[in-house]
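> Provided herewith is a single structure, encoded as structure tokens, for subsequent inquiry.
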Amino acid sequence: MFKSDLFKGKTIVITGGGTGLGKSMANRFAELGANLVITSRRKEVIQETSEELKSHGVDVLPIPCDVRDPEQVENMAKRAIGLFKKIDILINNAAGNFISPTENLSSNAFKTVVEIVLNGTFHCTQSFGKHMRKMKNGVILNIVTTYAWTGSGYVVPSACAKAGVLAMTRSLAVEWAKYGIRSNAIAPGPFPTKGAWSRLAPPGLGIEKKMKNRIPLKRMGEHIELADLATFLISDQASYINGEVVTIDGGEWLKGAGQFNELEKVPQTAWKLLNMRRKKKK
Ligand code: HXC
Ligand code: NAP
């Protein structure tokens, strides 16, 4: 579907690029010749992933960074630009999430997720946006979710933050088009990853089975399907697509908006047990 040198000469920054969907996108972009910057909090994770990615014969720079901290983000961007001279594409993929009845959330729990997802996306967009505006060229792709527009019970901090990211995507698509910067988003349905599943589909609640049953295509997404969609959206072939959010969910949200609303059926005792197990783990 894509030429093997599609991204030759391009450099792509992926936040949360060491694991899950970020890693799968990184792998696809590297196969197609992109140089990469991958960033997240855990140094060992991004270092290990970058070694794997280098097997495609591209340059990969892992930079530890907490996207919640604008200073760390600015330093990360300076290092990335310093090494590669130009950054063509930014993928805001890093996220934090967990399931919880909203009444049990502390203000710090809400703040933590919003700071990663919404503030983190803003900090990265600002730091790389400055560089892209100077170059008069750039592409920003934000990973949201389908409940960014439906909302969803039990993941309220994430839903609020992703809705904000979607608003940012559409706002900047208009405001920064004059600088040659395109902004788009992908809204995935369920794609199994360790990060998401450990927090959103803990064993014992039957969440995974229910998710699958709700999807009209009756299966979860394959990582390569999302990576190929991202590839198209950030490529020059999509140069007139700006301000769009593309859903990739097998038709799930149309069948029943609000992915976690079914947690209504989980008894209070199960929530208590989950909470105890989480605290014990810490
Ligand atoms: C209630 C919780 C909680 C839970 C944490 N908190 N987990 N509250 N239920 N399950 C509260 C804590 O008690 C604390 O509040 C506050 O949140 C911060 O928690 P920390 O553990 O100190 O935060 P931190 O170490 O910074 O970790 C951030 C995190 C963690 C978001 C909590 O899960 C993380 O690092 N996640 C990164 C990866 C991730 O989440 N991937 C999944 C993305 S999937 P107090 O008041 O006690 O101090 C996704 C897509 C979803 O987004 C769509 C799927 C279909
Ligand atoms: P994941 O593997 O847990 O990815 C999240 C990444 O974000 C991790 O690499 C994590 O690395 C990084 N991260 C978290 N907090 C950070 C911070 N403060 N600073 C920098 N990096 C941080 O989960 P995933 O499923 O692949 O999710 C990837 C994206 O897809 C997210 O935006 C998620 O919302 C979206 N999404 C996923 C699904 C799904 O079904 N999987 C569905 C819809 C949307 P560190 O812990 O090392 O920091």
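> Has region 193-212 got at least one residue that is within 16 Å of ligand 1 (Cβ to nearest atom), in a loop (DSSP other than H, G, I, E, B), free of Cβ contacts under 8 Å to residues at least 12 places away in the same chain and surrounded by 16 or more Cβ atoms within 10 Å (Cβ to Cβ)?
Yes, the conditions are met somewhere in region 193-212.
> For region 17-31, name all the residues that are without any contact (Cβ under 8 Å) to a residue 60 or more places away in the chain and more than 6 Å from ligand 2 (Cβ to nearest atom). Outline the logic, then answer.
Going through region 17-31, the residues without any contact (Cβ under 8 Å) to a residue 60 or more places away in the chain turn out to be 18, 23, 26, 30-31.
Lys23, Ala26, Ala30, Glu31, listed by residue number.
> Continuing with this model, one more query. Tell me, which residue of region 99-142 that is assigned to a loop (DSSP other than H, G, I, E, B) and surrounded by fewer than 18 Cβ atoms within 10 Å (Cβ to Cβ) is farthest from ligand 2 (Cβ to nearest atom)?
First pass over region 99-142, keeping only residues assigned to a loop (DSSP other than H, G, I, E, B): 99-101, 105-106, 136-137.
When the remaining residues are screened for being surrounded by fewer than 18 Cβ atoms within 10 Å (Cβ to Cβ), the result is 101, 105-106, 136-137.
Numbers: Pro101: 20, Leu105: 18, Ser106: 18, Lys136: 28, Asn137: 25 Å.
This residue is Lys136.
> Could you run through region 170-192 and say how many residues are within 16 Å of ligand 1 (Cβ to nearest atom) and out of contact with any helix residue (DSSP H, G or I) (no Cβ under 7 Å at 6 or more places or on another chain)?
Taking region 170-192 as the starting set, the residues that turn out to be within 16 Å of ligand 1 (Cβ to nearest atom) are 185-192.
Restricting the remaining residues to those that are out of contact with any helix residue (DSSP H, G or I) (no Cβ under 7 Å at 6 or more places or on another chain) gives 192.
Residues in region 170-192 being within 16 Å of ligand 1 (Cβ to nearest atom) and out of contact with any helix residue (DSSP H, G or I) (no Cβ under 7 Å at 6 or more places or on another chain): 1 in total.
> Okay, moving on. Could we say that Gly82 is part of a loop (DSSP other than H, G, I, E, B) and without any contact (Cβ under 8 Å) to a residue 24 or more places away in the chain here?
On the way: part of a loop (DSSP other than H, G, I, E, B): no; without any contact (Cβ under 8 Å) to a residue 24 or more places away in the chain: yes.
When the stated conditions are applied, Gly82 does not pass them.
> If you check Gly57, Gly22, which single one turns out to be surrounded by fewer than 22 Cβ atoms within 10 Å (Cβ to Cβ) and either at pLDDT below 95 or more than 22 Å from Ser239 (Cβ to Cβ) (or both)?
Values: Gly22 fails: surrounded by fewer than 22 Cβ atoms within 10 Å (Cβ to Cβ).
Of the residues listed, the single one that is surrounded by fewer than 22 Cβ atoms within 10 Å (Cβ to Cβ) and either at pLDDT below 95 or more than 22 Å from Ser239 (Cβ to Cβ) (or both) is Gly57.
> OK, next. Mind checking whether some residue in region 158-167 is surrounded by fewer than 19 Cβ atoms within 10 Å (Cβ to Cβ), at pLDDT 95 or above and at positive phi?
no
> Can I ask one more? It is to be established whether one or more residues within region 242-254 are assigned to a helix (DSSP H, G or I), within 16 Å of ligand 2 (Cβ to nearest atom), modelled with pLDDT under 95 and surrounded by fewer than 18 Cβ atoms within 10 Å (Cβ to Cβ).
yes
> Yes or no: Asp5 assigned to a loop (DSSP other than H, G, I, E, B), under 21 Å from the mean Cα position of the chain (by Cα) and surrounded by fewer than 22 Cβ atoms within 10 Å (Cβ to Cβ)? Can you show your working first?
On the way: assigned to a loop (DSSP other than H, G, I, E, B): yes; under 21 Å from the mean Cα position of the chain (by Cα): no; surrounded by fewer than 22 Cβ atoms within 10 Å (Cβ to Cβ): yes.
No.
> Separate question: Give me a count of the residues in region 27-53 that are assigned to a helix (DSSP H, G or I), away from ligand 1 (no atom under 16 Å from the Cβ) and touching a helix residue (DSSP H, G or I) at 6+ places or on another chain (Cβ under 8 Å). Lay out the reasoning, then the answer.
Kept after step one, since they are assigned to a helix (DSSP H, G or I), are these residues of region 27-53: 27-31, 43-53.
Next cut, away from ligand 1 (no atom under 16 Å from the Cβ) only: 27-31, 47-48, 50-53.
Next, only the ones that are touching a helix residue (DSSP H, G or I) at 6+ places or on another chain (Cβ under 8 Å) stay: 27-30, 52-53.
Result for region 27-53: 6.
> Could you please give the count of residues in region 54-75 that are farther than 15 Å from Asn92 by Cα and part of a loop (DSSP other than H, G, I, E, B)?
So the count comes out to 5.
> For Ser40, indicate whether it is farther than 17 Å from Phe128 by Cα and not β-branched (Val, Ile, Thr).
Numbers: farther than 17 Å from Phe128 by Cα: no; not β-branched (Val, Ile, Thr): yes.
Taking the combined requirement at face value, the residue does not satisfy it.
> Then there is this: When the residues of region 255-282 are filtered to those that are more than 12 Å from ligand 1 (Cβ to nearest atom), farther than 15 Å from Pro202 by Cβ and in a loop (DSSP other than H, G, I, E, B), which remaining residue is modelled with the lowest pLDDT?
Ala257
> Let me ask something additional. Only one of these is under 25 Å from Met132 (Cβ atoms) and either more than 11 Å from ligand 2 (Cβ to nearest atom) or in contact with a Leu (Cβ under 9 Å, 6 or more places away or on another chain) (or both): Glu175, Glu222. Name it. Don't jump to the end; show me each part of the working.
Working: Glu222 fails: under 25 Å from Met132 (Cβ atoms).
None of the other options fit; the residue is Glu175.
> For region 8-26, which positions are closer than 10 Å to Ile91 by Cα and assigned to a loop (DSSP other than H, G, I, E, B)?
Hits for region 8-26 are Gly16, Gly17.
> Out of Ile63, Ile12, Ile38, report the one residue that is more than 14 Å from ligand 2 (Cβ to nearest atom) and hydrophobic (A, V, I, L, M, F, W, C). Before the answer, list the steps.
Details: Ile63 fails: more than 14 Å from ligand 2 (Cβ to nearest atom); Ile38 fails: more than 14 Å from ligand 2 (Cβ to nearest atom).
When all the criteria are applied, what remains is Ile12.
The values are calculated or read from the model by the stated rules, or taken from the named source; none is laboratory data. In this text the structure is predicted, and so the values were computed from the model without any measurement. No Cβ is skipped: glycine too gets one built from the backbone with ideal geometry, and neighbour counts run over all protein chains shown.
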